[in-house]
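Only one structure is covered here, and it is reproduced in the block below.
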Amino acid sequence: MKKLFSLILAFFFFSFVNAQEIDQTRNFVLLSSGKLVYSNKLELKTPTFKKNYIQTSKNKFMMNQVRFYNKDNTLFVNTHWSHNPTGSRFFAEKIEKGKINVFELVTVNNSAPTFGANGMMTGGGFGTTTVRYYYNSGFKRTKKLNYSNLSKEFKDDPIMLQELAPIKKSRNTRTIIYIVGGAAIAGGIASILIKREEKLPASEIAVIIGGGITFWVAHFMSKSENKKAVSAIRTYNLKHK
């Protein structure tokens, strides 16, 4: 019942948004209700120990009220709305505009995370940076930018499927690498446990380290696939101007 209600709400939201023209040269907030609010002043506020919100010239909007906002000709989408129903609300920045839009979300995970400008998670010290990509058309709900989604999106477009072919090949290779690396690590650990030697055997340690390296290789391959997917969308947009 809850899912049905969400679908009905989304239908009315898109219907309302499509019925109005949005001036993307101006700062605005697009709410979950479909209401569009223009404002010369628009700032994302991140108070300590309080919930983040967007402040316009006359209004204050909590993050769960906002679907999109546009500031200085840059559009941001609420990823909580599309993909993270139980987690924190982050806004991904549009980096590719056209028939298909691409959004980029950069998060930095460390021991003391804070919210930086535009709703992106940042923090002091060292941390792990994660980059995620999403896509949509117009102001529709975004989808994760990956081969699985794009291959369905362009299943009737042989040219685009050809553009996506290197991503498919890389993904298949990455899967094999994960399997080999996981098997190497598991085998090395199992061998150590069976032998029960006082000194850790160098050969097994080398196998485990080698397995760990393969995971790093697969990780960098994944990042390369993301860039290729963005490039494929850019090529598509150029052909459909």
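Some notes on this structure:
- Neighbour-count order for TYR135, TYR53, TYR38, fewest beta carbons within 10 angstrom listed first: TYR38, TYR53, TYR135
- Label sites at VAL131 and THR235, each approximated as a point 7 angstrom past Cα along Cα to Cβ, lie 1.9 nm apart.
- The HN-Hα couplings worked out from phi for region 32-44 by the Karplus form 6.51 cos²θ - 1.76 cosθ + 1.60 (θ = phi - 60°) are 5, 6, x, 5, 10, 10, 8, 7, 5, 9, 8, 9, 8 Hz, whole numbers, x standing for Gly and Pro.
- Cβ-Cβ distance of SER148 and THR48, R₀ of 35 Å, FRET efficiency by 1/(1 + (r/R0)^6): the value works out to about 0.35.
- Spacing of the modelled spin labels on LEU161 and ARG141, each 7 Å from Cα toward Cβ, amounts to 2.7 nm.
- What the Cβ-Cβ distance of ASN226 and ASN40 gives, at R0 = 35 Å and to the nearest 0.05, is a FRET efficiency of 0.50.
- In this structure the amide hydrogen of ASN101, modeled in the peptide plane, comes within under 5 Å of the amide hydrogens of ASN136, SER137, GLY138, none closer than 5 places in sequence on its chain.
- Under the simplified labelling scheme, the SER32-TYR178 pair shows an inter-label distance of 3.2 nm, with each label point 7 Å from Cα along Cα→Cβ.
- Net charge over other residues, Cβ less than 11 angstrom from the Cβ of LYS228 (K, R count +1; D, E count -1): +4
Throughout, read-outs are computed from the coordinates displayed, never taken from laboratory work. A quick note: this is a predicted structure, and the numbers were derived from the prediction, not measured. Here Cβ is always computed from backbone atoms with ideal geometry, including for glycine, and neighbour counts include all displayed protein chains.
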